[in-house]
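One structure is given here, and the rest of the page talks about it.
We did not get these values from a lab; they are worked out from the coordinates using the rules stated. Keep in mind that this is a model prediction, so the values were computed, not measured. Cβ: placed from backbone, ideal geometry, glycine included. Neighbour counts: every protein chain shown.
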Amino acid sequence: MNKNNLKKVLVSAILVLVLAGTFVGGFYTGKTKSRLANLGFKQIALAQDEGTATITTINFGLYAEVWDALKNNFVDKSKLTDEKLFYGSLKGMASASGDPYTVFMDPTEAKQFADDLAGTFSGIGAEVGMRNNIVTIIAPLDGTPAQKAGLRAGDKIYSINGKSTMNLTIDEAVKQIRGDKGTKVTLSIIRGTDKPKDYIITRETIIVKSVKTEMRSDGLMVIRVSNFNNDTDALFNNAVQEALAKNPKGIILDLRNNPGGYLETAVTMASEWIKVGPVVAEQEAGNKRTEYPSSGNARLANIPTVVLINAGSASASEILAGALRDYKKATLVGETSFGKGSVQALQTLSGGSTLKVTIAHWLTPAGDFINEKGITPSVVVPLTQTDVDKNLDPQLNKAVQILLKKK
């Protein structure tokens, strides 16, 4: 994939941010598009794998049978529109991959997803993912209703408005959590071994800048990156220029609760520390390997750096943290990251729909595949509920200690 297409690749840990709220003839299957486009419901034979003689018979007439049976027999026919049936079938096709990050989004969902990446949302301000088949809070964003209500990374969502999340997909959970400004949603949360606790959260309109900086009185600069979104490249470049102008004793790069985003942005950011070499490698089907090299800026290469990570640091955050770790450009402090080692590509479809499909696994420069295991920092510092309740941050304190070489 060339640089011009790289921006289309997403490595976000979540399927859809929970920050907010005509039947088309023809079927398309990869390289068989031209053969299927106008066949409608017919029995056809498809090569299951390109270059092999394996043949599978696909009876598209079965689709028509199910369609007609539902339209004729379903008890609440008024609720079963053609659009709902059609888009639902496409969602099922994507779900058949067995991969929680391969998702078909109808036009409404696709727009919501695009809005998410733009950084303007209406909702509770939390991002969710699937962990051990449980809908889980990946990151409550700073200053949002979710954070103010007390939600934390790793919280398990037991129910939404009294309805169990058991067997829900991420998309289904998101639809139940989304809503308009001023409305309320009740999430029943399980934290650790505690009993479920209800959190009633009022949705708001949220505008989030993905990069914030703070120049501390002790001479250290903190750069907090909450997402790898549309605005991140420009904002991070501003942060780098600020660092060069103020010449800090050290940089604390805070990636805690950052669920990811654009792969290209992770590569660009890592390049501010890494002069030469690959930042990340993709392992695609057929053992095809693609490396994404540093752009060579390395403007921060000589500034001591600590990277903060936790269970909410995922995907693009892990790419950045893993690269800086492998090149020994930073000390990692905090807790083990989320562990998402796959790459998704967005494909815009007709009618405004979008398909997000997993196209590769990624590895750190040293070849570490972090999927489901995460990255464990060299300096492990837990953040307890007591710390949170008392507004203490031992992870940040440890980063300061390391950079100022205090004991």
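In order along the range 82-99, the phi-based Karplus estimate (6.51 cos²θ - 1.76 cosθ + 1.60, θ = phi - 60°) of 3J(HN,Hα) comes to 4, 5, 5, 4, 5, 5, x, 5, 5, 4, x, 4, 5, 5, 5, 5, x, 9 Hz; Gly and Pro are listed as x.
For the range 147-226, give me the percentage of DSSP beta bridges that are antiparallel, rounded to the nearest 5 percent. Antiparallel: roughly 100 percent of the beta bridges in the range 147-226. Which of Lys275/Lys356; Lys197/Lys373; Lys249/Lys328; Lys212/Lys373; Lys184/Lys356 have a Cα-Cα distance over 22 Å? With Cα atoms farther than 22 Å apart: Lys275/Lys356; Lys197/Lys373; Lys212/Lys373; Lys184/Lys356. Sequence-ordered 3J(HN,Hα) estimates for the range 348-356 from the Karplus curve with 6.51, -1.76 and 1.60 and θ = phi - 60° stand at 6, 10, 5, x, x, 7, 9, 10, 9 Hz, glycine and proline given as x.
Any chance you could run the full-extension gain for Arg191 through Leu80? It's 0.36 nm times the residue separation minus the Cα-Cα distance, nm to one decimal.
Details: separation 111, 0.36 × 111 = 39.96 nm, distance 3.77 nm.
The span from Arg191 to Leu80 would gain 36.2 nm if fully extended.
Size of the chain from its Cα atoms: along the principal axes, largest to smallest, the extents are 73, 50, 34 Å.
Add -39500 (n - 2.57) for each DSSP H run of 4 or more in the chain, then divide by its residues: what number comes out at 222 nm, to the nearest 500 deg cm²/dmol? Intermediate values should be presented prior to the final figure.
Values: 12 runs with 109 residues, N = 407.
Result for the chain: -7500 deg cm²/dmol, rounded to the nearest 500.
Would you work out which of Phe86, Ala118, Val103 lies farthest towards the positive end of the dipole of the range 65-121? Charges go on Cβ: Lys and Arg +1, Asp and Glu -1. Highest projection toward the positive end goes to Phe86. With the simple model of a label 7 Å out from the Cα in the direction of the Cβ, Ser217 to Glu172 spans 5.4 nm.
Rounded to whole Å and ordered largest first, report the semi-axes of the equivalent ellipsoid of the range 120-207 derived from its Cα gyration tensor (root of 5λ).
Working: eigenvalues 71, 37, 30 Å².
Ellipsoid half-lengths, sorted descending, are 19, 14, 12 Å.
A straight line joining the Cα centroids of the range 171-194 and the range 291-310 runs 36 Å.
Counting other Cβ atoms within 10 Å as a rough exposure proxy, the listed residues Glu284, Glu204, Glu272 run Glu284, Glu204, Glu272 from fewest neighbours to most. With the highest mean first, a sort of the peptides 370-380, 320-330, 64-74 on other beta-carbon atoms found within 10 angstrom per residue produces 320-330, 370-380, 64-74.
Using the Karplus relation 6.51 cos²θ - 1.76 cosθ + 1.60 with θ = phi - 60°, the per-residue 3J(HN,Hα) values for the range 272-280 come to 6, 10, 9, 7, 9, x, x, 8, 7 Hz, with x marking Gly and Pro.
If we count other beta carbons within 10 Å of each Cβ, what is the order of Ser317, Ser337, Ser342, fewest first?
Working: Ser317 34, Ser337 28, Ser342 19.
Lowest count first: Ser342, Ser337, Ser317.
Across all Cα pairs in the range 157-277, the calculated P(r) in 10 Å bins from zero up to the longest distance comes to 11, 28, 26, 21, 13, 1 percent per bin.
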